[in-house]
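Enquirer: Dumping the structure here so I can ask a few things about it.
Read-outs throughout are calculated quantities, based only on the coordinates presented, and are distinct from any laboratory measurement. Computed from a predicted model, the values in this text were never measured in an experiment. A quick note on method: Cβ atoms are made from the backbone with ideal geometry, for glycine too, and the neighbour counts reach across all protein chains shown.
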Amino acid sequence: MKHDCQETEPLISGYLDGELTQSDRQRVDLILEDCEQCSLAFAEMKKLRKGVGSLSFDQLTETEKSNMTKNATSGAGSNLGQFLAITGLILVYGVGACWFCWEVVTDAKFVETGEAKHKLPMFIRLGLPTLTGGVGILFFTVLFQRLKAAKTDKYTDVQI
Amino acid sequence: MTADSHLPSRDELEALSESGFALAIQLLSRHEDAADVVQDSLRKLVHSGRYKAQKGSPLAWFLKVVRNGALDTLRQRRPNDDEAVARLAATAPAPDIAVEREELAGIMRRQLEAMPVSQREIILLRDFHDLSYTEIAEVLGIAPGTVMSRLHRARNELRKRMKKYLK
């Protein structure tokens, strides 16, 4: 069968792997019957394919495999725990702090009772909310940094 | 995978870690590096929840993650590569002596390791991991139509390198 070996060769790979269409497969069948160069390429590639398939490489030990699976799945639970804890903290601290600051800034107790002994000085009314906000921002910044580091630190599991 | 679970079962994870490690060790040649890559890939698989959501074969998706991790490791390792290759070449026996000493499998493995990663990986994905062309395209992130020609070029390169041992 008339053909260009250079052009046909990629089809030989597809033929070997069973990835050709029926018409291409029939074409290659005919070429392999006629062309010595192409049939040599086919035979050598077949031999290489078998050789690569039977190579042996370093493998994981049973202990390594089991530890890997355990580490991967145990992380899933702790992630859910972290998510719930952080959400709860944000709700309690966020709502609680906002309520507290609102009470202090508006001097709610004094407004409610009208008694002078309940009146808060200005530095408390402005200072306490500022302090609460500052502590909250610092706390959550450090918390997120630690969580990020814990997830990306390659040496978390290294025992010294 | 159990029907009510978003996570793969322990057996599935172990099977994936075996295949993933095989690819990682083939690309990285160092046990510790390959184990790190597989561990990271397993974490990604479990935490991303994509195992159930992804469309194609789970193995192809996992091998893609492992391959990307291995390539990242290779990129980070590159400054020392020349030194490692030089050390390997220095300890490797001359070809003729090697033929007498080593089996064909050893020679083939060494020739594969000496090939560019892009050629080595496509041969291994097909002939060792037995992936279809569609799965190979998914792992490598290339068009399925280009797999056959790329694979053929890679096989031809290996064939040239192994020419004298194939007779």
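Enquirer: Of the listed pairs A:Lys50/B:Lys64; A:Lys70/A:Lys148; A:Lys46/B:Lys164; B:Lys64/B:Lys164; B:Lys64/B:Lys167, which have alpha-carbon separations greater than 27 Å here?
Expert: Listed pairs above 27 Å: B:Lys64/B:Lys164; B:Lys64/B:Lys167.
Enquirer: Shifting gears a bit: Grab the other residues whose beta carbon is less than 13 angstrom from that of B:Ala154, score K and R as +1, D and E as -1, and report the net.
Expert: +4
Enquirer: Another question about this same structure. Suppose we take every Cα in chain A and form the convex hull; what volume per residue is that in Å³?
Expert: Residue-normalised Cα hull volume stands at 282 Å³.
Enquirer: Now a separate question. Using square roots of five times the C-alpha gyration tensor eigenvalues, list the equivalent-ellipsoid semi-axes of region B:93-167 in whole Å, biggest first.
Expert: Whole-Å semi-axes of the equivalent ellipsoid: 27, 11, 10.
Enquirer: Is there a quick way to get the dipole size of region A:24-138? I mean about its Cα centre, with the Cβ of Lys and Arg at +1 and of Asp and Glu at -1; what is the value in debye to the nearest 20?
Expert: 440 debye
Enquirer: Right, next: Would you please put A:126-132, B:31-37 in order of how densely packed they are, using the mean number of other Cβ atoms within 10 angstrom per residue and starting with the highest?
Expert: Per-residue Cβ counts within 10 Å, averaged per peptide and sorted highest first, yield B:31-37, A:126-132.
Enquirer: Oh, and also: Tell me, what HN-Hα J-couplings in whole Hz come from the Karplus equation 6.51 cos²θ - 1.76 cosθ + 1.60 at θ = phi - 60° for each residue of region A:91-107, using x for Gly and Pro?
Expert: 5, 5, 5, x, 5, x, 5, 5, 5, 4, 5, 4, 4, 6, 5, 7, 6
Enquirer: Taking only DSSP H segments of four or more residues, each worth -39500 (n - 2.57), what value at 222 nm results for chain A once the sum is divided by all its residues, to the nearest 500 deg cm²/dmol?
Expert: -27000 deg cm²/dmol
Enquirer: Under a plain spin-label model, where a point goes 7 Å from the Cα along Cα-to-Cβ, how far apart in nm are B:Arg10 and A:Tyr93?
Expert: 3.7 nm
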